[in-house]
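Beneath this line is the structure, given in structure tokens, with notes to follow.
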Amino acid sequence: MMATNPTPTPTPTPISKPQSGAATVPSSGATGSGAAPIATPAFRLFLSRLSDSVSRSLSNRRPWSELIDRSAFSRPDSLSDASFRVRKNFAYFRVNYIALLAAVLALSLASHPFSLLVLLGLLAAWCFLYLFRPADPPLVLFGRTFSDRETLGSLVLLSVFVIFLTSVGSLLISALMVGIAIVSAHGAFRVPEDLFLDDQEPGGAAAGLLSFLGGTASSATAAAVPTVAARV
């Protein structure tokens, strides 16, 4: 009799298991990108509204040739006459005067680079650490987590220190005093008889100043409120 060969049994294929020390590659959904240090949409909205407010305000300025017309200058007869001229000229040239104050302030800061860098650093700290920082991830500096209240308090103390306890505050005050002196001298010696306010411009000096400054402040507030409100 011929012996029949037994049917060979299939050899099981070994399944390799990942070693415990081997690094696993995370899936695309598990890799989360780091949180942005600043809320980009809110910051862009702030810059857009600030630019629109400044452009709209500067479009209402008077011609500079009218501001420096030498034929319209004369010595005031009295102190009351000088005060009347200042009020009327400021109501007419208010945007030009504010631009002049800003130019004096900018020149003062440009001549003191250290103070300019300190102010820019303070502004950047407010923007990146509080105003436009996303509310979800907490602020972590030097291995310590800061709450929103601690961050706000630290920024307020830093602002008080920079403005009132360093040379930056004296520089700002002196620049503003020089600008106000220039504006007051021009307003007192500029004869306002040839100046006529438009009928559609209500208010006067105070209303014009508040509307110009309030437009920029409201732009900053409107852009920063969504980010700040998320922390409350």
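The values are calculated or read from the model by the stated rules, or taken from the named source; none is laboratory data. Since the structure is predicted, the reported quantities are computational estimates derived from the model, not experimental observations. For neighbour counting, all protein chains shown are included, and Cβ atoms are generated from backbone atoms with ideal geometry for every residue, glycine included. These area figures cover heavy atoms from the full protein model, side chains too; ligands, DNA and RNA do not enter into them. Shrake-Rupley method; radii C 1.70, N 1.55, O 1.52, S 1.80 Å.
Annotations for the structure displayed:
- Residues (farther than 18 Å from Leu165 by Cβ, crowded, with 18+ Cβ neighbours inside 10 Å and not hydrophobic (A, V, I, L, M, F, W, C)) located in the stretch 94-121: Arg94, Asn96, Tyr97, Ser108
- Test: residue in the stretch 189-212 that is at pLDDT 90 or above, open to solvent by 60 Å² or more (accessible area, probe 1.4 Å) and closer than 30 Å to Arg85 by Cα: yes
- Residues of the stretch 125-151 classified as closer than 14 Å to Val162 by Cβ and open to solvent by 40 Å² or more (accessible area, probe 1.4 Å), total: 1
- Considering only residues in the stretch 50-79 that are among the acidic types (Asp, Glu) and in a helix (DSSP H, G or I), the one that is most open to solvent (accessible area, probe 1.4 Å) turns out to be Asp52.
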